[in-house]
């Protein structure tokens, strides 16, 4: 019997060659302008959420439906149970089932699996390995799509890149400022990691501003730096928000956890209490070059950014959110389309 071909996964944007990445963005823009043919008749997407979702779940389910397919949503908190990702362990803990068994079973029911795992949150060195999503990819016989792991959020980055292309045209040489923003419960750095990956590969000039102690993952930064150099762009890091935003075409705000104190809530809260001023207002936006404002949402109004910025004419946050629908249609068309 011939061995089945390995399925194509989307775990991070590194799974796409540069010409493929550009093609997927072009297709996303085309779908938004002209609509998409029903490329998924008879196809089923299984969606497994180990933590909450608003935009990702709704936009993915709508995308599958509008392409003529069907989505099945499962939530770990109510629809099934914790799953074990580690190999070779004696399963005498909370998880009654291993991902290798769940992946094999679900692969016989659906045509693709979209997974949002839940990092443990105790150790960055452990969580950055993304053992959960990688276990699904290793054991599934259908494509696996990462709906945000500890390290990566490729779907958000595709929509963000689409949004910047839509607003700015070609991205090479355009200036992107990514600024950390204050929030009582910061997110993972996955959104910023994938945004850096995409923007660097398109040759953007990127400045990342954050308070001391909020460095991003070292390996991700080295990878983005190398990609930026290959594409003729630039990547800089600073603790000066005004320097980062000055002359920028896009200001992208995002709160992310301190990896220095990852898993230590007491030290992390103490560190975060010294960053109250890290917010985006009109005064900061005026330093850009007719800068557009972006944020992946959810966003805490008048904390991460002011109402004036969020509801103003330069805000792209609703466009970003809508573009999740179109870019995910492109993902599904390329991975599953007939």
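Considering the stretch 270-311 alone, what residues qualify as being modelled with pLDDT under 95 and either exposed (fewer than 13 other Cβ atoms within 10 Å of the Cβ) or not assigned by TED's automatic domain parsing to the domain that holds residue 218 (or both)? Listed by number, the residues that qualify are 270, 273, 274, 276, 277.
Residues that are surrounded by 14 or more Cβ atoms within 10 Å (Cβ to Cβ) and out of contact with any helix residue (DSSP H, G or I) (no Cβ under 8 Å at 6 or more places or on another chain) are absent from the stretch 139-147. For the stretch 237-269, filtered to residues that are in a helix (DSSP H, G or I) and either touching a strand residue (DSSP E or B) at 6+ places or on another chain (Cβ under 6 Å) or assigned by TED's automatic domain parsing to the domain that holds residue 122 (or both), the residue that is farthest from residue 200 (Cα to Cα) is 241.
Results for (1) over 19 Å from the mean Cα position of the chain (by Cα); (2) within 18 Å of residue 144 (Cβ to Cβ); (3) in contact (Cβ under 8 Å) with a residue 40 or more places away in the chain; (4) not in a helix (DSSP H, G or I), shown as yes or no for each residue.
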position: 25; (1), (2), (3), (4): no, no, yes, no
position: 28; (1), (2), (3), (4): no, no, yes, no
position: 38; (1), (2), (3), (4): yes, no, no, yes
position: 52; (1), (2), (3), (4): no, no, no, yes
position: 58; (1), (2), (3), (4): no, no, no, no
position: 61; (1), (2), (3), (4): no, yes, no, no
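Quick check on the stretch 2-16. Is at least one of its residues within 20 Å of the chain's Cα centre (by Cα), surrounded by 18 or more Cβ atoms within 10 Å (Cβ to Cβ) and over 22 Å from residue 106 (Cβ atoms)? The answer is yes, given that some residue of the stretch 2-16 is within 20 Å of the chain's Cα centre (by Cα), surrounded by 18 or more Cβ atoms within 10 Å (Cβ to Cβ) and over 22 Å from residue 106 (Cβ atoms).
Within the option set 312, 288, 277, being closer than 29 Å to residue 222 by Cβ and assigned to a loop (DSSP other than H, G, I, E, B) holds for one residue only, 288.
Could you say whether any residue in the stretch 190-212 is in contact (Cβ under 8 Å) with a residue 60 or more places away in the chain, within 18 Å of residue 320 (Cα to Cα), surrounded by 24 or more Cβ atoms within 10 Å (Cβ to Cβ) and out of contact with any helix residue (DSSP H, G or I) (no Cβ under 8 Å at 6 or more places or on another chain)? Among the residues of the stretch 190-212, at least one is in contact (Cβ under 8 Å) with a residue 60 or more places away in the chain, within 18 Å of residue 320 (Cα to Cα), surrounded by 24 or more Cβ atoms within 10 Å (Cβ to Cβ) and out of contact with any helix residue (DSSP H, G or I) (no Cβ under 8 Å at 6 or more places or on another chain), which makes the answer yes.
For residue 47, the conditions (1) under 17 Å from the mean Cα position of the chain (by Cα); (2) buried (at least 16 other Cβ atoms within 10 Å of the Cβ); (3) part of a helix (DSSP H, G or I) are fulfilled apart from (3). Residue 236 meets all of the listed conditions (1) surrounded by fewer than 20 Cβ atoms within 10 Å (Cβ to Cβ); (2) over 25 Å from residue 166 (Cα atoms) but one, namely (2). Listed conditions (1) at pLDDT below 95; (2) within 30 Å of residue 264 (Cα to Cα) are all met by residue 74, apart from (2).
The values are calculated or read from the model by the stated rules, or taken from the named source; none is laboratory data. Worth saying up front: this structure is predicted, and the values here are computed from it rather than measured. Positions of Cβ are backbone-derived with ideal geometry, glycine not excepted, and every protein chain shown enters the neighbour counts.
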